[in-house]
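Report on the following structure.
Please treat every number below as a calculation from the coordinates, not as lab data. Just so you know, these numbers come straight off a predicted model, no measurement behind them. As a convention, Cβ positions derive from the backbone with ideal geometry for all residues, glycine included, and neighbour counts pool all protein chains shown.
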Amino acid sequence: MSDIFERILLLKKSPIFSEVTTEDLRTVAMELDDEQYFKGDRVFEINNYGDHMYILQNGKVGISLESDPKCDKYVTILNQGDCFGEMNLLDDQPRSATAVVLEDANLLSLEKSRLHGLIMHYPELSLGILKSLSMRLRNANLLAKESK
Amino acid sequence: MLYFILFFLVIGSGMAIGRGTTDALFFKRYGIEYLPVMYIILGCLLFLTSTFYAAFSDRLPPEKFFRILNSILISLLVMAWVSMSFFNFKHIYPVYFLIYEIASEVLLIHAALYLAKNLDVVQAKRLTPIVLAGSQIGTIIGGLFLALSAPHLGVQNLLLVWCMLLFLGIIMITWHHKRTGHSLYFRHPRKHSNKMKQSMIDISVGMKYMKKSDLVRYSSFALFCMVIVFYILSYTANRIYNDTFKTEESLTAFFGLVAVITNSLALVFQLFITNRVIQRFGIKTVNLFFPFSTMISYLFLIFSFALPSAIVTSINKDSIMPAFRNPVRSLFYNALPNYIQGRARAMSVVVVIPLALLVCGGVLWTVQQMNNPLYFLSIGLILTCFYAYFNLRMNKAYVLEIVSNLRNKLYIPGKHEQTAIKSGGIGIFEELREGVEHNDDQICIAYAKTLANTFPEKAVPILIERLQGAISSTRNELFQILVPLNPEKLHGYLWQEFGTADIHLQTTILKQLFKLGDDRAISGIEQKLIDPNPRLRAAAIYGSILHRPDDIRAYELLNALLKSDDPGEVLSGLETLYELGEIDSKITSHIEKSHFIKLLSNSNSRIWNASLRVISLWPSSSLPELVQYLKNAFNTTNEPDVRSQAIRCAHVLGSDDEHDFIVAALDDSHPLVREDAINLLKDENQKETFTSWIIDTNLGSPRTQSTILSKLQEAGTPVHIMENIALAKALDAEMIEQVIITLKNHHEILDLAPVELLVYALQERLEQVIDLTLQALKSIEDTTTINLIQAGIKCSDKRIASQSMEALRNIENQKLAIILANIMEGYLASGPAKAQSIQTFRSAEHALDWCSNRHDPWLKACANDASRVITQE
């Protein structure tokens, strides 16, 4: 299976891109860049500004709300197909969490202006992003409830 | 689950014993001639009990209500038995009759509520028919018991058997809920709410909705007729049975036998026939079954007032009615908006049925004095005709109700903006005027364009007023909006503005004056051709080509502009050419072609973009050498505007290259590019070509076909062709569904990534091809209805999706409706692969070959990749 087909399948299974047809995901897949990270790398830091979102091709990434690099408490651990970092591309606010690589990972990254262009072209993407953010809000509510 | 089946079986057995004993005891010991009076009293009692039940049923957990109901019934039955056995109290028989009738009605409604409070929607849909089948089996067992035991135990003693069954029901329900707790979906209602008042309000809302909804109105009329027709049939059959069987034991035993036969038939119908018949013929046809069979019953009774006719009648009312009429009526109610369904039902039970019973009792009481059954049978037959008529009206109202319901829930994008704005009247006009006067220039221009399009006469003074004080760029755009309106005194106004305008605006004004054929501007061409400013020079060239086409000097100056090293001069030259609107061979003969083509490779994107725009106006087949350039421009950019521009130039290529280029562009992901491509197809036989592309060749992706289809629809293609297209697409969707089923049934390859991707692609294709079928249907059926169906089936709300499906099932073209409904059911259920009823593909490879041989580039690519991996495996 060629690289592009693999990417398309990965995107189709990710919540953000699931509403876009596989045929259109061809275009989306071509807009993505490959990035490789190793265990312990920090993809981005909390409170930093960023202009990329990421899709996990393989490996594991932990999301932490702490700025302390030694902290190993993660609010969620992401696996293959999960997306992260899309929030600050939409609201232009600093990153709300730190993304730490827990297992060597290959990421697909999408730059902010490209994401905006893609949303204009494939409005279904917005639905996917809404779904993904809604899931995240639910998880946050659950965590808040558990911590009480 | 087993508990529910057994519980309903016990309740069903009891009801069968109740039915047989009630009738036999009342007819033999009190007199069948009082049956009409019973109907009248029953009508009044039903009104009271139904209102009372509706008001208080949800105050208690349904299992507790069931226990109370059964306990009251046991007490009443024991009292009745004591009265019959020890006191020989004659009036106990009509009381017992009424107890049964009321109890059967309340138990029937409460059983449905009890199930609803214990099962979720999905469970209820699947399990309710099975549980109700349990009740039916109970009725058969009860009937069998009656037939065998009545002669030996004595009819009145069977009341105690019913009591025992009710008591068994209490034990079962108590035991079950001790283990599982309260009914799962029961919620305590708010305290202190006036339920009785609320119940009356609900009924009055249902009554008011009758005025609004044809479906509720006609279904209420139909129900009214049906109740009368049903009770006349019931009365007639009972009279024949009563005359035939002389003793109460033999009559009870016979009633038991009839219950066994009719309920067995009903069970067979419900389990094996009802759903299939509804699927096959649709609910509108099935809705006419019962009126038709009732008519036959009446004809039988009219021609032969004897036992065989009575048995036919019993089969009609006790087998056909529960098997076909009752489920279909529930489906009709599902078409109503959620908030009205319960209220419409309450209105039927509390108002329509009691009223019909009062009328029926009154009519029978009056007519039976004449001592000739023909009178009441004739009335029954006439009312059956009315019943059938109202059912026909219900059928018509059904789809309209679904469509209006969907219309309230779905947003359908339409191209009615202008009509809506115009119909908005003075309010909208004032809003547009305010928009034009807005300080923001972009808002002003957007409103000005709409105002000029919708109110051209009124727009001129507003636009001219807005020009005062506007910045140069805004004035520039406003002039371009104003000129096509060609108002009086525009020339003078433009010249007045020309004196104070900057160069950019002067150029615009000059060009607009040339367009208007202004003499002063034309006479000044010579002077402007030598103007030092390239913009004004370009404007003069424009005027010269328009009004002095043989003046070679203008072309020389134009070529000089195009050759200039100054990008501004080049752009002025290109803009001049573009504004000509049409470039014929006479103009091109004066342009230095080789140099012009070089502009396409200019590093300045504005220049090559403007060049492409100019080429789109070039004469057909005049630049065949540009084929590679245009294809590159098309394939290497992500900008839809550039791809659009490239495809608009396709006509300058040779005809074969043009055709290939257009076909490739028809598959573009952007709708504007596809639209541009289709607009270039100028084949004289385009309808035949397009139709053949869609039906025979199945060319391109569904997106391509959708563009072609829109073109065909715009061209007013005959209905029969659109019907063929819709049918071809429906069959194509059926094949795609078969491929998906075949692949899903081969579990060994399903985990392979390329196969997984192919299944995704096929599912998307299925959805798109169904969409294409619906698009074609818009030319055959009512467009709004199809738009609503299209929007509804894509909706994530399952209720709306299933209503859309129902609307689809009831479109005029039943052939297409059946094919599409069958496919869509599987598609909407999106459950596991179902077994193939017809083996279209003998293997997964066969199915993949079918995909590879399609003229659908994406599906082909996915299928080839999947085949390759399967072969390697």
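Annotations
- Sorted from greatest to least, the principal axis extents spanned by the alpha carbons of the stretch A:3-135 come out as 43, 30, 23 Å.
- Cα gyration tensor of the stretch A:4-61 - equivalent ellipsoid semi-axes, whole Å, descending: 24, 13, 10
- Dividing the convex hull volume of the alpha-carbon atoms in the stretch B:127-236 by its residue count gives 224 Å³ per residue.
- Pairs beyond 18 Å (Cα-Cα), from B:Lys729/B:Lys778; B:Lys117/B:Lys197; B:Lys211/B:Lys409: B:Lys117/B:Lys197; B:Lys211/B:Lys409
- Here the ratio of the Cα radius of gyration of the stretch B:174-287 to 2.2 N^0.38 Å is 1.64.
- Each 10 Å bin, from zero up to the one with the longest distance, holds this percent of the alpha carbon pairs of chain B: 2, 9, 14, 16, 14, 12, 10, 8, 6, 5, 3, 1, 0.
- Between the stretch A:84-100 and the stretch B:586-640, the alpha-carbon center distance in angstrom: 44 Å
- Helical contribution to [θ] at 222 nm, DSSP H n ≥ 4, -39,500 (n - 2.57), averaged over chain B, rounded to 500: -24500 deg cm²/dmol
- Given charges at beta-carbon only (K, R positive; D, E negative), |dipole| of the stretch B:451-574 in Debye: 180 debye
- Going from the residue with the fewest nearby Cβ atoms within 10 Å to the one with the most, B:Leu69, A:Leu65 rank A:Leu65, B:Leu69.
- Principal-axis tilt of helix B:214-244 within chain B, Cα atoms, nearest 10 degrees: 20 degrees
- Summary: within chain B, the longest segment free of chymotrypsin sites (Phe, Trp or Tyr not before Pro) located in DSSP loops with at most 14 other C-beta atoms within 10 Å is B:412-873.
- C-alpha long axis of helix B:552-563 to longest principal axis of chain B, angle in °: 70 degrees
- Degrees between helix B:857-872 axis and first principal axis of chain B (Cα, 0 to 90, nearest 10): 70 degrees
- Remark: B:Glu430, A:Glu45 ranked as B:Glu430, A:Glu45, counting other beta-carbon atoms within 10 Å and listing the fewest first.
- Net charge dipole, the protein assembly as shown: roughly 6020 debye, given to the nearest 20, about the Cα centre with Cβ charges of +1 for Lys and Arg and -1 for Asp and Glu.
- Members of B:Lys396/B:Lys815; B:Lys212/B:Lys815; A:Lys39/B:Lys860 lying beyond 28 Å, as alpha-carbon distances in this model show: B:Lys212/B:Lys815; A:Lys39/B:Lys860
- For the stretch B:1-137, the dipole from Cβ point charges (+1 on Lys and Arg, -1 on Asp and Glu) about the Cα centre works out to 160 debye, to the nearest 20.
- Panel note: the C-alpha atoms of the stretch B:491-538, placed on their principal axes, show extents of 26, 21, 14 Å (largest first).
- The stretch B:719-872 gives an Rg/Rh value of 1.00, both radii derived from C-alpha positions and Rh following Kirkwood.
- Comparing B:Phe300, B:Tyr339, B:Pro567 along the charge dipole axis of the protein assembly as shown, the residue lying farthest to the positive side is B:Phe300, per the Cβ-charge model.
- Over the protein assembly as shown, the reciprocal of the mean inverse Cα-Cα separation, the Kirkwood hydrodynamic radius, stands at 35.7 Å.
- Residues of type aspartates and glutamates that A:Lys12 reaches as a straight line, Cα spacing below 13 Å, ignoring anything fewer than 8 places off in the same chain: A:Glu23, A:Asp24, A:Asp82, A:Glu124, B:Glu756, B:Glu764
- Counted by neighbouring Cβ atoms within 10 Å, the residues A:Cys83, B:Cys360 run from fewest to most as A:Cys83, B:Cys360.
- Partner lysines for B:Lys511 [C-alpha distance under 16 Å; skip if fewer than 8 residues away on the same chain]: B:Lys528
- Helix-only mean residue ellipticity at 222 nm for chain A, each DSSP H run of n ≥ 4 adding -39500 (n - 2.57), per residue, nearest 500: -12500 deg cm²/dmol
- Each part gets one Cα centre, and for the stretch B:141-165 versus the stretch A:12-60 those centres are 74 Å apart.
- Net length gained if the chain between B:Leu184 and B:Lys409 were fully extended (0.36 nm per residue, minus Cα distance): 78.0 nm
- Under-5 Å amide H pairs with A:Asp82, H placed in peptide plane, nonlocal only: A:Leu56
- Ratio of Rg to Rh over the stretch B:6-160 (Cα coordinates, Kirkwood Rh, two decimals): 0.99
- Dmax and Rg, reported as Rg then Dmax, of the stretch B:501-583 (C-alpha, Å): 11.4, 34
- The label point for A:Asp72 and the one for A:Ile119, both projected 7 Å from the Cα toward the Cβ, are 3.7 nm apart.
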